[in-house]
1. Please report, as a whole percent, how much of the solvent-accessible surface of segment 1-44 comes from carbon and sulfur atoms (probe radius 1.4 Å).
2. Taking amide H positions as placed 1.01 Å from N in the peptide plane, with prolines and chain starts having none, which residues 5 or more places from Leu10, or on another chain, fall under 5 Å of its amide H?
3. Based on the mean of other Cβ atoms within 10 Å per residue, sort peptides 3-10, 20-27 so the most packed one is first.
Amino acid sequence: MAANKLTIKLTDDQQSQIKKATGRSIKELNIDLGAASQLTEKDLDKASGGSFRIGTIKSD
């Protein structure tokens with residue numbers, strides 16, 4: 001079922017960023033769409049690194 005598979009080839013810059021961050025070489029992403037479930041907007045933000053929160057710790 002090739003229609004349920006998605007392959008994303010990464011650019012050299014993307015490969016370099018992943019290598020720096022993880023130490024692993026990745027040239028493409030393979031996604032099985034049949035195994036994917038519905039993601040919330042919060043899940044997508046976490047996966048894409050699109051949002052972050054900075055908090056303060058209050059001490060007495």
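1. 54 percent
2. Sorted by chain and number, the residues that satisfy this are Glu28, Leu29.
3. Per-residue mean Cβ counts within 10 Å order the peptides as 3-10, 20-27.
The values are calculated or read from the model by the stated rules, or taken from the named source; none is laboratory data. Here the structure is a predicted model, which is why all the values come from computation and not from measurement. With ideal geometry, Cβ positions are generated from the backbone for all residues, glycine too; neighbour counts draw on all protein chains shown. Surface accessibility is based on the protein's heavy atoms, side chains included, excluding ligands, DNA and RNA. Shrake-Rupley method; radii C 1.70, N 1.55, O 1.52, S 1.80 Å.
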